[in-house]
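*Asks:* Below you'll find the structure I mean.
Each reported figure results from applying straightforward, stated rules to the coordinates on display, with no laboratory input. All values derive from a computational prediction rather than experimental measurement. Cβ sites come from the backbone with ideal geometry, for glycine too, and all protein chains shown count toward neighbours.
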């Protein structure tokens, strides 16, 4: 079974540009999460999709970030326009079940560098 | 909201010795505490977890303990091996009522010295 995949693995962009990150969850997983780790700090929750609906987007930093999950399969996270503080590693995770039994499986992450 | 603190930030131990990583959490409603291991170039991988109705759980060389009164939980790795070198993250979640987000600690970089 394929795991969670993310594309690209690395992205270097200039301040003010736009970047779109993609996540393909494990097939059949309704729950999809985005997290971010800024250099040396904790991994922070951004948002949670259940199928195509946003269940919780309380972690989204501001309106420069837009997440979508059309059709309830893969998800994209767009940053527009990018700022220096957006640099970090963006992780996607998916789970089949909600609640205490829903292990979240993480992808390898996308390392975003804004210069 | 939940706040998780993790110590130490770096830890070096001799191969064969034990390693202990400690975390504290703030929200008494948290009821699920997973530990993740992140190797270079990979995403975090769940290695062990504990629910709030259990005080200790063991899986071969790794064990986790939970003290709900003190809001502490710890990861213990015995007989460490070079492949245990990685960054370890603790997390806490209130898994009731559809609140699924993981709140992570800042991570511990564990280095096993051969």
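*Asks:* Taking square-rooted eigenvalues a ≥ b ≥ c of the alpha carbon gyration tensor, is the stretch B:62-114 rounded, prolate or oblate, where a/c under 1.5 means rounded and, failing that, a/b exceeding b/c means prolate? If you can, show how the numbers build up before the last one.
*Replies:* On the way: a/c = 2.97, a/b = 1.92, b/c = 1.55.
In terms of gyration-tensor shape, prolate.
*Asks:* A follow-up question, please. Just from the alpha-carbon atoms, what are the Rg and Dmax of the stretch A:50-115 in angstroms?
*Replies:* 13.3, 40
*Asks:* Percent antiparallel among DSSP beta bridges with both residues in chain B, to the nearest 5? Each step should come with its number before you reach the end.
*Replies:* Working: 36 of 41 bridges.
The antiparallel proportion sits near 90 percent.
*Asks:* While we're looking at this one, here's another question. What is the average number of partner chain Cβ atoms found within 10 Å of a Cβ in A:39-47?
*Replies:* Values: counts 0, 3, 3, 12, 12, 4, 9, 1, 1.
The mean count of partner-chain Cβ atoms within 10 Å per residue comes to 5.
*Asks:* Now a separate question. Kindly give Rg over Rh for the protein assembly as shown, based on alpha-carbon atoms, with the Kirkwood expression for the hydrodynamic radius. Intermediate results must be reported in sequence, preceding the final value.
*Replies:* Details: Rg = 17.5 Å, Rh = 18.1 Å.
With Rg and the Kirkwood Rh in hand, the quotient comes to 0.97.
*Asks:* Moving on. Under the definition of Cα pairs under 8 Å and six or more residues apart, what whole-number percent is the relative contact order of chain A? Kindly include the intermediate steps, with their values, before the conclusion.
*Replies:* Values: 290 pairs, mean separation 41.7, N = 115.
RCO, chain A: 36 percent.
*Asks:* Under the classification rounded if a/c is under 1.5, otherwise prolate if a/b is larger than b/c and oblate if not, where does the stretch B:11-114 fall, given a ≥ b ≥ c as square roots of the Cα gyration tensor eigenvalues?
*Replies:* Numbers: a/c = 2.26, a/b = 1.65, b/c = 1.37.
The shape class here is prolate.
*Asks:* Turning to a different aspect of this structure: Quick check on chain A: take the gyration tensor over C-alpha atoms, sort the square-rooted eigenvalues as a ≥ b ≥ c, and tell me if it's rounded (a/c under 1.5), prolate or oblate. All intermediate terms of the calculation are to be shown ahead of the outcome.
*Replies:* Working: a/c = 1.74, a/b = 1.68, b/c = 1.03.
Verdict is prolate for chain A.
*Asks:* Counting pairs of alpha carbon atoms under 8 Å apart in space and at least six apart in sequence, what relative contact order in percent does chain B give?
*Replies:* Working: 284 pairs, mean separation 41.4, N = 114.
Relative contact order here is 36 percent.
*Asks:* Moving on. Place a point 7 Å from Cα of residue A:17 in the direction of its Cβ. Which residues in the stretch A:77-110 have their backbone N less than 11 Å from it?
*Replies:* A:82
*Asks:* Report, in whole Å, the centroid distance computed from the Cα atoms of the stretch A:84-114 and the stretch B:66-114.
*Replies:* 17
*Asks:* Say R0 is 22 Å: what FRET efficiency, to the nearest 0.05, do residue B:72 and residue B:15 get from their beta-carbon distance? The partial results should precede the final answer.
*Replies:* Numbers: r = 27 Å, r/R0 = 1.24.
E between residue B:72 and residue B:15, to the nearest 0.05, is 0.20.
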